[in-house]
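Structure, as structure tokens:
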Amino acid sequence: VALVFTANGISGGTADQLSQYVDLYERMEDRRAKQIFAKAMHDAQVEMPVVVKDAQNPQTRSKFALLETVKKVAKPIYTKHGFSMNYGEADCPLPGHKRTTCDVTHETGHKRTYHLDLPVDGVGAKGNAIGGMNAVQGAISTTSYAERRLCCMVWDITIAGEDDDGNASSAPRIDG
């Protein structure tokens, strides 16, 4: 007995044959969703501009790009290409660290999960305690930093002047 495909559905065949057909169909749909996801990811990354640092860290006397700035630049582009981002937390295998997760889901249903493990904030660049920061503020600061880094990593966003090997950059400023 064979499966018969009609305008009204599938008939004939055994339950095992039907199950095999459903499995094949689901694998084909998953593959198609992955292909669409990859194409949309490429298209979104191509459109991402360079982000300019817009905030000052008084402890390190350095500039950085705010999370809000990165999201303001990225969100209209990735949503236009059918993506959403959802941040969360997961168990981290590293002591004293926090794992921030990011689910990037495409409207076709395909999803990739990214994560970043960072030490919980509260200590400055020179190893000294950051004045007045309690454990809750340190955890929130770590989450904010992780979300900004994950967003930049997923969408391949460049922060102008971010990598200068520890030296003051002499490169011209990019005002995206």
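Pulled fully out, how much extra length does the chain show between Asp54 and Met153, if you take 0.36 nm times their separation in residues and subtract their Cα-Cα distance?
Additional length available on full extension: 33.8 nm.
Suppose all protein chains stay in the model; what accessible area per residue would a 1.4 Å probe give for region 1-102, in Å²?
Ligands and nucleic acids excluded, the result is 67 Å² per residue.
Which shape class, rounded, prolate or oblate, goes with region 1-114 when its Cα gyration tensor gives a ≥ b ≥ c as root eigenvalues, a/c under 1.5 marks rounded, and past that a/b bigger than b/c marks prolate?
prolate
Got a sec to turn the phi values of region 87-93 into Karplus ³J(HN,Hα) couplings, 6.51 cos²θ - 1.76 cosθ + 1.60 with θ = phi - 60°, whole Hz, x for Gly and Pro?
9, x, 10, 9, 4, 10, x
Hey, rough spin-label estimate for Val120 and His42, points 7 angstrom out along Cα→Cβ, what's it come to in nanometres?
4.3 nm
Could you report the accessible area of Cys92 in Å², rounded to 10, computed with a 1.4 Å probe on the protein chains as they sit in the structure?
Near enough 40 Å² of accessible area.
Hey, rough spin-label estimate for Ser144 and Tyr21, points 7 angstrom out along Cα→Cβ, what's it come to in nanometres?
Inter-label distance under the simple model: 5.7 nm.
The values are calculated or read from the model by the stated rules, or taken from the named source; none is laboratory data. Keep in mind it's a predicted model, so treat the numbers as computed, not measured. As a convention, Cβ positions derive from the backbone with ideal geometry for all residues, glycine included, and neighbour counts pool all protein chains shown. Side chains included, ligands, DNA and RNA excluded: accessible areas come from the protein's heavy atoms. Shrake-Rupley method; radii C 1.70, N 1.55, O 1.52, S 1.80 Å.
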